[in-house]
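What follows is a set of notes on a single structure, which appears directly below.
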Amino acid sequence: MIRWSTLFGPKAAPKPVRPESGLLPRDPGGERSLGALIAVLCFLACLAAVGTLAADRASHGWARALRAEATVQVRPRVGETGPAAAARAAETLAGVNGVEEAEAMDREAAEALLRPWMGEAVLNDLPIPFLVTVRLEATAPASALSLSRALAEAGIDATVDDHSLWRGEVERSARVISLLALAAFLATAFAAGAAIAYATRAGLDARRDVIETLSLSGATDAGIVWMFQRRFGLLAGAAGAVGATVAILLIGGLRALGGDAGLTPALPLAWSDIILLTCCPIVAAAVALVSAWLAAVAALGGRTRPD
């Protein structure tokens, strides 16, 4: 039975066709691959960024700890025992301006420091120097020269080590690690931009005839470029969110398991690092917009216009 409404009734309004639906048809396989690549690159970029922050934080912490302490090696006089000479040096240094505390290190404490490096077998026969650990004030620490002068005035033969050599090595090593982490971050960002630019250029080359037709029909180059920018910007933003989420879960887990140290004192993670990673989708989308714009402008600028 034929219904008259199907013949004479009002027809349904046709669905609007967006211009990019024909120019940029869905390509689930290719988009999934590109999205997965961007997500992995964003994940690696997040780890590199956190590594840069952790290395910088560790270097400042190590330098601050070395700057706040000094070590004095005491050589006893003739007829004087080593512990007595160390105690006399500690008493002298405690009265120097800029010194918070000075303490003579006994043999048990020295052996505990050497045990991981020397082993238990040789410690009993090993001549261990007599040391004094000096904790300096944070605001106005005493210099090695002032400590040496005070010991010399008290008639104590000793050598002061303010850890400046170690501090310089630590700071240089930390700078190198920070630069390497920053280079890794920039490399992953460049790789993501290159992948998006390649995909954009390939899409333009594959649809060159359609672009020419749209251009002859009145479509502007800016409108065509925006189609590609919008498409790859949304794709990169979504992929960046996935990569950043995985990185946040990993770093948050390491921070929670590590306690106050973050994971280890060599890699101090902070909860503020996670807040920084939330910007990853925005950065990924921005890189995609710029890369797609450059590739699209380059492709449209080199196309042959009909006379």
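Each label point was placed 7 Å from the Cα along the Cα-to-Cβ direction; for W166 and T81 their separation is 2.8 nm. Solvent-accessible surface of protein heavy atoms, probed at 1.4 angstrom with all chains present, puts E169, E31 in the order E169, E31, largest first.
Put E212, E100, E137 in order of accessible area, highest first, and with a 1.4 Å probe you get E100, E137, E212.
Taking a ≥ b ≥ c as the square roots of the eigenvalues of the Cα gyration tensor, the stretch 100-192 is oblate, since a/c reaches 1.5 or more and a/b is not larger than b/c. Accessible area per residue was computed with a 1.4 Å probe on protein heavy atoms; I224 scores about 0 Å². Accessible surface of D157, taken over heavy atoms with a 1.4 Å probe and every protein chain present, rounds to 80 Å². R107 sits with roughly 100 Å² accessible to a 1.4 Å probe, with DNA, RNA and ligands left out of the calculation. Across the protein chains, with a 1.4 Å probe defining accessible surface, the residues S148, S272 rank S272, S148 from largest area downward.
The values are calculated or read from the model by the stated rules, or taken from the named source; none is laboratory data. Bear in mind that the values here come from a model prediction, so they are computed numbers and not experimental data. We place every Cβ from the backbone using ideal geometry, glycine too, and count neighbours over all the protein chains shown. Ligands, DNA and RNA are stripped out before the accessible areas are found, and what is left, the full protein with its side chains, is counted by its heavy atoms. Shrake-Rupley method; radii C 1.70, N 1.55, O 1.52, S 1.80 Å.
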